[in-house]
Every structure is written in C-alpha cells, then in structure tokens.
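Student: Questions regarding the structure given below will be posed in turn.
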Amino acid sequence: MSVSEPSSHFSPHPSSVPSFPSVVAALRAAGCVFAEDEAELILSAAHTQAELADMVERRASGLPLEHVLGWAEFRGLRIAVDPGVFVPRRRTEFLVDRAAALAGPGTVVVDLCCGSGALGAALAAALGQVELYAADIDPAAVRCARRNVGDAGGVVYEGDLYDPLPAGLRGRVGILLANVPYVPTGEVGLLPAEARVHEARVALDGGSDGLDVLRRVTEEAPGWLAPGGHLLFETSESQVPAARDAVERAGLVARVVEDEEWYATVVIGTRPGAVGDRGGDGDGDGDGDGSLSQGEGLSGGTASDGR
C-alpha cells in the first residue's frame, strides 16, 4: 500500500474517542490510497485510544502500514515485519506459486536474501513439510525471519548469501529462492518513500545495473542445487535478457514466467539432471509462459519499488 509524502498528522483531542470516519479522514489527508481498508486494520489492531492515535500518527507520517501493524499479509499468512525490514510484495506470491509447482513435501528449500522469511515460510505452508533454511546479511532481517521461518520449522543464518549455510547442503537443494535486490543504484532514489526511507538499502540496491547480487547468486547456484533442482528469482522485464544470460552462463537451463496482472517476472534456472526435476513449471505448457490471475491486495507495488 502506498502513501504520498506526509501532509497532515493525526492528533485527536484527549477527551475524544477516534471514530472510523476520523481515522479514515486522517489517513486520506496523508495520501493513503486505501484509507478505509487501512483504518479497519489499524482500528482492529489498536488496544487503547493512545495506541490507536500513535498508530495513525505513524502511518500518516509515512511509515509503511505493515511496519505500523507489525505484520504483512503474504499468501494467506501473517508475516511478522519489524521496522526497517523489507516488506514482502504481494506480487512475489507469484514466485512462491511457481516454486510450489516445482516442489513437493520434503523438498530441501533455501531462501537467500530472505528478509522477513516470507517466501520460505509461505512455501513451507503450501507444501506441508519441507527442509527449510534461510539466510540474510541484515541482522534486523535475520531476527525477524527467525520468528517467521522458525514457526515453519526452518533455520535462519546471518551472513552474505551462501557463506553462512551448512556445507552439507551442497548438492542437495531442490528449491533455491533468491529474492535478490534488483533496483539499479541510480534508481534507488526514485523509489516510493516507504521503500527508500523505511527499508534497508541492502534489500533494494542491486548495483550499477541492478544485477550485481544476482550474478553472485547464479555463479554459485549449481554447486548447491541438486540435479534437477531449481533457482527462482524475481526481476524486472527490462533486465530479463541479462538475467537469463547470467543463469545460462552458470550452466543452468533458464526459462521465464510472467504474471501480467501483477507485473511479476520470474526467472527459473534448473540444474540439468533427473533427480527432483518435475519437468516444467506446473502450468502445463512447455515454454514456461505461466500467467496467473491473483486478487487485489493491500500491498502490491510495481516492479520499480524494490525486490
């Protein structure tokens, strides 16, 4: 959910009890597009009048709704999201859908650049049971992910990409989720304030062309994937040729799947081999076109708002 630069603050009279209309009015004045929906969520989360006033004030000042509430909805789950931690985008549910179509119960799953751990937790929920590992370089994200991934029975490590992962995972990973930052450095300043001000830059900045982190991920991916295992990551439409090239240079078989409604583009790289390969992306066509239609949600930024 997006908000413009703050234009007003909410400060009810001490003797007044904030009503739904007054909360909506305060949020709308601050530029919140979905003011009614946000007001319902904030009113349901606040336990006292003082807490309600504080939550509305923080939202009106530009704090992402998910950071105000302390959670984000992602693929039917409430994912804990602490201040400063990257908020999972609803469009990224498409990536999890594609991963779920390629995996099954018991699959070894690694969630790199995990942020809140939303992708790994959602995939575990979809499959019922997986062997789940996650990693992020940001200590705040790791603390947050340990709550979400821990609830799914997984383990979270702190460190740079593959560095903190147990060596015993090499050659065993069936699904490698890599929600890498892919915004070019020069474009980070153009992101909505909710992202550039309230989310860690390390979760947004992908280097000069946005693909620096991705190239590092693809280069090492074959050593971690099981035969037939899959690497999945999100990118922008304009970056597809270079992203695909990085996947193929690593020796993986690349294909691209898209969701036109959410403007989501996912690249899948498969390690050649039969073990764990289900022979496609689960949408019934050989070229991996794979468009899905998903309902509108409260959070669902465009491809330019971060990972």
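Only the coordinates and a few stated rules stand behind these numbers; no lab work does. Since we're looking at a predicted model, the values are computed, not measured.
Student: Remind me, what semi-axes does segment 191-262 give for its equivalent ellipsoid, largest first in whole Å, using sqrt of 5 times each Cα gyration tensor eigenvalue?
Tutor: Each semi-axis is √(5λ); the values are 25, 15, 12 Å.
Student: Next up: Any chance you could tell me what percent of the C-alpha pair distances in segment 117-187 go past 15 Å?
Tutor: 55 percent
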